[in-house]
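*Asks:* Here you go, one structure.
The values are calculated or read from the model by the stated rules, or taken from the named source; none is laboratory data. The shown structure was predicted, so the numbers you read here are calculated from the model rather than taken from an experiment. Neighbour counts run over all protein chains shown; Cβ positions are idealised from the backbone, glycine included.
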Amino acid sequence: MEEILYRSNPWWTGEFEAPGVERKEYLPLLHNLRDSKDIVLMTGLRRVGKTTLMYQLIGRLLETVESRRIFYVSLDNIALKDHSILEIVDEYRKIHSLGHADFVYLFLDEVHTKEDYEIQLKNIYDMGNAKIYASGSASLDIIMKSPYLTGRQRLIRVSPLNFREFLIFKGKNISPADSHLYPSLAEEYAITGGMPEYVKTGDMNYLQSLLDTIIYRDVAGAHGIRNPEKLTDTLSFIAQSVGSPMSVRKISRVLGISKDDVSRIISLFTEANLLHPIEREGKISERKASPRKIFLADTGFFCVLTEKVNLGAIVENLVYLKLRKNGELRYHRSSDFEVDFVRKGNAWESKYRDDTDDSDIRNMKALKGYRSKIMITKTREEKMDGIELLPLWKFLLE
């Protein structure tokens with residue numbers, strides 16, 4: 001095991017340069033949490049950049065922390081499959097002659113792959129003298145309800161690149177004189193999505209490989225699903241229907257899959273951070289009885305899940321991904337009209353065109369009790385009857 005751990009921690013024996021482009025939305029936050037006792041749990045879609053963020057944080061810590069007191073391990077390493085987290089951490093301390101009273105920084109990647117990881121993290125936490133950063137591709141939200149980690153954790157959800165990060169990854173430094181370039185770049189971002197490696201390479205095979213890993217390994221393999229075609233058919237149908245409320249009954253009828261199977265598939269894809277369902281606004285009985293809207297975790301996936309999808313639906317998905325970072329969203333539906341997203345007195349409608357017609361404005365006006373109403377357009381910018389028309393690129397840069 002010693003050789004494996006040395007290979008995973010090159011700063012123990014030499015210089016270390018952190019990889020990737022610094023993500024300013026997350027790195028300062030993670031660094032500021034270094035002095036808190038909380039276990040920092042990073043969750044998010046597979047290959048969204050959690051490991052890179054760990055390495056970047058390690059690079060910052062090395063400026064002030066002795067290298068042997070920083071330990072990184074990927075817990076899905078097959079060579080470590082027979083060892084518990086506690087055993088691996090004990091081996092690390094043994095290598096560097098560190099007692100349990102010596103303070104260390106532990107970076108535990110893919111922590112969810114270890115059985116009883118919640119209990120093991122609690123044990124390390126209770127022993128003290130360790131700051132724990134842990135990550136998982138599968139959703140770690142469930143452990144927020146775990147009695148083992150109650151009051152001991154801080155959850156950080158890592159998302160695909162936002163528009164500003166997309167521009168940095170693409171090497172686009174737009175001056176005020178060139179702001180006319182933003183609309184086309186915003187549309188490129190909507191189509192490309194924000195998976196870091198795909199943004200850099202444009203290799204569609206990369207996205208296909210990523211989806212295959214999630215479908216066949218994280219979902220079918222981990223949960224014993226013998227017919228993965230059900231998974232791919234359900235995912236493709238959802239991609240083709242983004243922006244429209246979808247009932248389990250309808251998906252079941254169209255695909256010839258049982259309602260129980262459809263519900264389970266959506267739940268598993270949600271746990272894997274690949275899908276994000278939202279409910280209708282209203283009383284709890286209305287929310288649970290109404291069909292949900294379901295969005296993809298990244299808009300780049302449309303290009304491998306379906307041959308053709310309306311650009312307006314892709315933009316609506318992108319608008320959702322930006323808004324969800326600030327809290328739970330719902331959609332509004334009445335007998336007369338529907339509004340894409342609402343939350344705490346604010347409403348947003350995605351209309352990716354400039355020929356906004358009277359019915360669009362009328363629907364937003366009819367929405368009562370909302371102090372802010374924003375319609376996201378292609379390039380049109382003005383205020384009409386208390387409704388703010390905002391170009392997509394400006395919305396993304398806010």
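*Asks:* How many residues are part of a loop (DSSP other than H, G, I, E, B) and of a type in the set (Asp, Glu) when one looks only at the range 348-398?
*Replies:* First, pick out the residues of the range 348-398 that are part of a loop (DSSP other than H, G, I, E, B): 351-357, 367-371, 378-381, 385-386, 398.
This time we only want the ones that are of a type in the set (Asp, Glu), so: 354-355, 357, 381, 385, 398.
Here the count works out to 6.
*Asks:* Same structure again: Only one residue in Glu271, Glu279 is acidic (Asp, Glu) and modelled with pLDDT under 95. Which one?
*Replies:* Details: Glu279 fails: modelled with pLDDT under 95.
Within the list Glu271, Glu279, the selection yields Glu271.
*Asks:* I need the full set of residues from the range 59-94 which are in a helix (DSSP H, G or I) and β-branched (Val, Ile, Thr), in order please.
*Replies:* Once the filter is applied, which keeps residues that are in a helix (DSSP H, G or I) and β-branched (Val, Ile, Thr), the range 59-94 yields Ile78, Ile85, Ile88, Val89.
*Asks:* How many residues are part of a loop (DSSP other than H, G, I, E, B), touching a Leu at 6+ places or on another chain (Cβ under 8 Å) and not aliphatic (A, V, I, L, M) when one looks only at the range 15-48?
*Replies:* 5
*Asks:* On to the next question. Six or more apart or on different chains, Cβ under 7 Å: which pairs go from a residue in the range 357-376 that's closer than 19 Å to Leu323 by Cβ to one that's buried (at least 19 other Cβ atoms within 10 Å of the Cβ) and modelled with pLDDT under 85? Could you list them?
*Replies:* Met375/Thr356; Met375/Asp360
*Asks:* I've got another one for you. Those residues that are without any contact (Cβ under 8 Å) to a residue 40 or more places away in the chain, more than 23 Å from Pro391 (Cβ to Cβ) and assigned to a helix (DSSP H, G or I), I need them from the range 305-347; list them, please.
*Replies:* Answer for the range 305-347, where residues must be without any contact (Cβ under 8 Å) to a residue 40 or more places away in the chain, more than 23 Å from Pro391 (Cβ to Cβ) and assigned to a helix (DSSP H, G or I): there is none.
*Asks:* Still on this structure, I have one more. Out of curiosity, is Ala239 under 25 Å from Gly44 (Cα atoms), out of contact with any strand residue (DSSP E or B) (no Cβ under 7 Å at 6 or more places or on another chain) and of a type outside the set (D, E, K, R)?
*Replies:* Answer is no for this residue.
*Asks:* Right, next: Let me spell it out: the conditions are (1) in contact with a Pro (Cβ under 9 Å, 6 or more places away or on another chain); (2) closer than 26 Å to Leu296 by Cα, and Tyr55 meets all of them except one. Which number is the exception?
*Replies:* Going through (1) in contact with a Pro (Cβ under 9 Å, 6 or more places away or on another chain); (2) closer than 26 Å to Leu296 by Cα one by one, Tyr55 breaks only (2).
*Asks:* Can you list residue pairs whose Cβ atoms sit under 6 Å apart, with the first residue in the range 166-183 being closer than 21 Å to Val48 by Cα and the second being at pLDDT below 95 and assigned to a loop (DSSP other than H, G, I, E, B)? Count only pairs 6 or more apart in sequence or on different chains.
*Replies:* So the pair list comes out as Ile168/Val21; Phe169/Val21.
*Asks:* Hey, any hits in the range 324-347 for a residue that's within 19 Å of Leu45 (Cβ to Cβ), in contact with a Gly (Cβ under 9 Å, 6 or more places away or on another chain) and of a type outside the set (S, T, N, Q)?
*Replies:* no
*Asks:* Further question on the same structure: Only one residue in Ile78, Ile70 is surrounded by fewer than 17 Cβ atoms within 10 Å (Cβ to Cβ) and assigned by TED's automatic domain parsing to the domain that holds His96. Which one?
*Replies:* Ile78
*Asks:* Would you please name the residue that is farthest from Phe301 (Cα to Cα), looking only at residues in the range 149-189 that are of a type in the set (D, E, K, R) and out of contact with any strand residue (DSSP E or B) (no Cβ under 7 Å at 6 or more places or on another chain)?
*Replies:* Asp178
*Asks:* Can you tell me which residue among Ser258, Ser236, Ser247, Ser252 is in contact with a Leu (Cβ under 6 Å, 6 or more places away or on another chain) and polar (S, T, N, Q)?
*Replies:* Ser236
*Asks:* Report yes if some residue within the range 376-386 is more than 29 Å from the chain's Cα centre (by Cα) and among the β-branched types (Val, Ile, Thr); otherwise report no.
*Replies:* Looking through the range 376-386, none of the residues is more than 29 Å from the chain's Cα centre (by Cα) and among the β-branched types (Val, Ile, Thr).
*Asks:* With respect to the numbered conditions (1) more than 20 Å from Leu161 (Cβ to Cβ); (2) under 19 Å from the mean Cα position of the chain (by Cα); (3) modelled with pLDDT of 95 or more; (4) crowded, with 20+ Cβ neighbours inside 10 Å, which one is the sole condition not fulfilled by Asp340?
*Replies:* Result: Asp340 fails condition (2) only.
*Asks:* Sticking with this one: Give, as residue ranges, the helices (runs of 4 or more DSSP H) completely inside the range 238-304 that count at least 2 residues that are over 24 Å from the mean Cα position of the chain (by Cα) and crowded, with 20+ Cβ neighbours inside 10 Å. First the steps, then the outcome.
*Replies:* Working: elements: 248-255, 259-271, 284-289.
Fully inside the range 238-304 and qualifying: nothing.
*Asks:* Then there's this: Among the listed residues Val21, Val89, identify the single one that is touching a helix residue (DSSP H, G or I) at 6+ places or on another chain (Cβ under 7 Å) and under 21 Å from Pro196 (Cα atoms).
*Replies:* Matching residue, one of Val21, Val89: Val21.
*Asks:* Taking the range 84-120 as the search range and keeping residues that are β-branched (Val, Ile, Thr) and modelled with pLDDT of 95 or more, which one is surrounded by the fewest Cβ atoms within 10 Å (Cβ to Cβ)?
*Replies:* This residue is Ile95.
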